[in-house]
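The values are calculated or read from the model by the stated rules, or taken from the named source; none is laboratory data. Bear in mind that the values here come from a model prediction, so they are computed numbers and not experimental data. Cβ sites come from the backbone with ideal geometry, for glycine too, and all protein chains shown count toward neighbours. Remember, those area values only see protein heavy atoms, side chains included, never the ligands or the DNA or RNA. Shrake-Rupley method; radii C 1.70, N 1.55, O 1.52, S 1.80 Å.
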Amino acid sequence: MIQLENIGFGYNKKKVKNPSNQKFGLFNDLSLVMEPGHIYGLLGKNGAGKTTLLKIMSGLLFPDAGTATILSENASLRKADVLKNLYFLQEEMYVPHLTISDFEKAYAPFYPEFSHEQFEYFLNEFEMAGLPNYMDKLSHGQKKKALIAFALATNTQILIMDEPTNGLDIPSKSVFRRLMASSIDERRLVIISTHQVRDLHSLIDVVTILDAGHILLNASTFEITDKLLFDVDNTKSADGKVFYTEETPRGNYQVKENVNHADSNLDLELLFNAAIMNKNDISNLFK
Amino acid sequence: MNIKNITNLLKAYFIENWKTDLFQLGILSAVILIGSILNGGVEDMSSFAMTVAVIFLIIYPERLFRNLHGNSSKIHYLTIPASNGEKVVANMLLTNIYFVAVVVLACALGLGLAHLYLTARGMGGLRFQPNTYWDRILVIYAGLSVFFFGSIYFRKRTTLTTFGVGLLIITLFSVLFTVTMFANGMMLIPKDAAFHDYLWNFNFSFSLSDKASSVLAYITVAVVIIYFYVLSFLRMKETEA
């Protein structure tokens, strides 16, 4: 559904080559395939290029090398048929001077699968129904909730969300997780770029970690817990190479190689730290 | 090119902008009305109305692509499900038909009300015959295509920047033309004629009939219009967020 092949990209187009032999600056020879029926969690440090990668997928930025294919079309062409099946929810949202109802009237007709009933339902769940205010006068969290409701109601095949839970209050984060879980089906691909890993822990079923212009990890949560063990004070197993340890008042949290294929619960924060600190080991483990 | 997508773009524009457009129509009508009344007794105020209208028409296209001037609004606009070509065509329709119609309507409204007022006060009436300004309207359309391109190309103060760049190009071209002419010893300016009179009445060595000149002028204007809209489309395709 989304295929990135040997992507090269840098913001400074003049400095094509730099001393570290990174030809394009941000991404070099980056390849990634994303399939429908999954919710991908795109993780990475600040400046790793998460938003840039999302923009390349959506045809908003053009790669300097390689090809970005979305729904079998070149993303850079921004074809209408592709855009009808893609919704990009930005971190810094744009909301016109319109009421929610007028926003729906203006933009829903572009999406053939848009459902007014679903939109009303999602707004209700977020306690946003019937707000007469203009969208640009709403609070940041309210704007986000209105746009999340709209994004879900478009029923596009691809839904890209950049930091969707930023600015949401605690009850709204729960509602968001519930609505997202009910909205995913086998034909839909959702990509969520986030730093708020604890908010989306239960939602994500494929973890993609971006680091230094490369995909460090792209694996399902099942595969991750099969190969890595998330343990506390060696209660599950004392075997396997330890990749990361975090001392807390509740004990020593560890990420280690799951040599005995023991069951454990994935902790995205620990996984991320383990991957960043053991790049080669983690890459080799998931090859 | 999908007509439905273009219709949806136009619909979205009207839902977002009808209040602003109505407000600006009111302002334009009021300016023309007040201007015409203050010049009461002058029968033909069309030139004044046209001047005000042209200023409004130049300002309008800036609003069309204002979505391209902010990062979040740019992402919003570029991901609206319509092709680059459909977005350019929708905005061309707004610029060349809707805006012109709104401005002509505002002129007619302003002049009509002024006519009623002046007639009632026994101060004479006014005339408004936009058809007599056909040549100027064509030039206005050519100008609109330039400002249309400017609104896609420049990110800040697009109207002013386009105007400034246009003025600079015209100035450079005039200087180049004059220098070349003098450098070639072509002292063609009659001693008794002012320079601008000479330029105004400049005749090319290959003398054309009036009809041929007219056709050539229309072709030139058409080429300018097509050139800038094609350029706008290409720029739109290349626009990133």
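Below, the figures for the structure above:
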read-out: Segment A:220-285, relative contact order [Cα under 8 Å, separation at least 6], %; value: 36 percent
read-out: Loop trypsin sites (Lys or Arg not before Pro), segment A:203-279 (other Cβ atoms within 10 Å of the site Cβ: 11 or fewer; DSSP); value: A:LYS241, A:ARG250
read-out: Average projected area [Cα convex hull, the protein assembly as shown], square nanometres; value: 34.9 nm²
read-out: Label-point separation, B:ILE226 to A:ASP169 (7 Å along Cα→Cβ), nm; value: 6.1 nm
read-out: Computed [θ] at 222 nm, helices only, for the protein assembly as shown once each DSSP H run of length n ≥ 4 contributes -39500 (n - 2.57); value: -16000 deg cm²/dmol
read-out: Drop in accessible area of at least 20 Å² in the complex versus isolated chain, residues of segment B:6-36, 1.4 Å probe; value: B:ASN8, B:LYS11, B:ALA12, B:ILE15, B:GLU16, B:LYS19
read-out: Accessible surface of chain A [probe 1.4 Å, protein heavy atoms]: carbon and sulfur percent; value: 47 percent
read-out: Computed log₁₀ I(q)/I(0) - Debye formula, equal Cα scatterers, no solvent, chain A, q 0.07, 0.09, 0.16 Å⁻¹; value: -0.29, -0.48, -1.27
read-out: Complex-versus-alone comparison for segment A:57-93, residues with a loss of 50 Å² or more in accessible area, probe 1.4 Å; value: A:LEU60, A:PHE62, A:ARG78, A:ALA80, A:LEU83, A:GLN90
read-out: Calculated SAXS-style log₁₀ I(q)/I(0) at q = 0.17, 0.19, 0.21 Å⁻¹ - segment A:173-287, Debye, Cα scatterers; value: -0.87, -1.05, -1.21
read-out: Segment B:1-80 and segment A:228-243: distance between their alpha carbon centers, rounded to Å; value: 67 Å
read-out: Residues in segment B:72-106 occluded by at least 30 Å² - accessible area, probe radius 1.4 Å, against chain by itself; value: B:SER72, B:ILE75, B:HIS76, B:LEU78, B:THR79, B:ILE80, B:PRO81, B:ASN84
read-out: Listed pairs A:LYS50/A:LYS105; A:LYS144/B:LYS74; A:LYS144/B:LYS156; B:LYS74/B:LYS156; A:LYS144/B:LYS87 exceeding 24 Å between Cα atoms; value: A:LYS50/A:LYS105; A:LYS144/B:LYS156; A:LYS144/B:LYS87
read-out: Under 14 Å, Cβ to Cβ, from A:SER183 - net charge with Lys/Arg +1 and Asp/Glu -1; value: -2
read-out: Most to least accessible of A:MET277, A:MET34 (protein chains only, probe 1.4 Å); value: A:MET277, A:MET34
read-out: Candidates per GluC sites (Glu not before Pro) in segment A:76-133, loop by DSSP, up to 14 other Cβ within 10 Å; value: A:GLU92, A:GLU113, A:GLU127
read-out: Whichever aspartates and glutamates have a C-alpha closer than 20 Å to that of B:LYS211, once near sequence neighbours (fewer than 8 apart) are set aside; value: B:ASP135
read-out: Max mean-square fluctuation residue, GNM over chain A, Cα-Cα springs under 10 Å, options A:ARG198, A:ARG188, A:ARG177; value: A:ARG198
read-out: Label-point gap, in nm, between A:VAL232 and B:TRP18 - each point 7 angstrom along Cα→Cβ; value: 6.0 nm
read-out: Accessible area in square angstrom per residue, segment A:220-285, 1.4 angstrom probe; value: 54 Å²
read-out: Computed magnitude of the charge dipole of the protein assembly as shown (debye, nearest 20; Cβ of K, R +1, Cβ of D, E -1); value: 1460 debye
read-out: Segment A:58-121: mean projected area of Cα convex hull, nm²; value: 5.7 nm²
read-out: 1.4 Å probe accessible area per residue over segment B:1-81, in Å²; value: 45 Å²
read-out: Accessible surface of B:TYR141 - all protein chains present, 1.4 Å probe, nearest 10 Å²; value: 50 Å²
read-out: Residue-count net charge about B:LEU93 - beta-carbon cut-off 15 Å; Lys, Arg +1, Asp, Glu -1; value: +2
read-out: Exposure rank, largest accessible area first [B:ILE75, B:ILE137, B:ILE226; 1.4 Å]; value: B:ILE226, B:ILE137, B:ILE75
read-out: Accessible surface buried once B binds A (1.4 Å probe; total of both sides; Å²); value: 2500 Å²
read-out: Cut-off 11 Å between beta-carbons: net charge of the residues surrounding A:ALA106, Lys and Arg +1, Asp and Glu -1; value: -1
